[in-house]
Amino acid sequence: MQIFVLSFPSLLISASLICLGLKLLFEYSDEYYSWGFAFVFGVVVTCTDTFQVVKLLSNAEAPKRFISLV
């Protein structure tokens, strides 16, 4: 229960900030990105597993310097 109480609000806050950034900072119109799509994009970006991203970059033969930055 403690994990849910700590992780769920932080997920919502992080996804909401990414959603607001996508819509307000980049000024995308509703025809291009709707608010729902922007929020789903924020959730996907927020929940990215770092280990899986590094593994994917390694399999794609990305430069080691770039992988270390991630």
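The values are calculated or read from the model by the stated rules, or taken from the named source; none is laboratory data. Everything numeric here is computed off the predicted structure, so don't read it as measured data. All Cβ positions, even for glycine, are placed from backbone atoms using ideal geometry, and neighbour counts span all protein chains on display. Accessible surface is based on the protein model in full, side chains and every heavy atom, while ligands, DNA and RNA are left aside. Shrake-Rupley method; radii C 1.70, N 1.55, O 1.52, S 1.80 Å.
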Pairs under 7 Å by beta carbon, first residue free of Cβ contacts under 8 Å to residues at least 24 places away in the same chain in segment 20-48, partner open to solvent by 100 Å² or more (accessible area, probe 1.4 Å), six or more apart or different chains? Lys23/Trp35
Suppose we keep only residues that are open to solvent by less than 50 Å² (accessible area, probe 1.4 Å) and not polar (S, T, N, Q) within segment 1-17. Which one would you say is modelled with the lowest pLDDT? Leu11
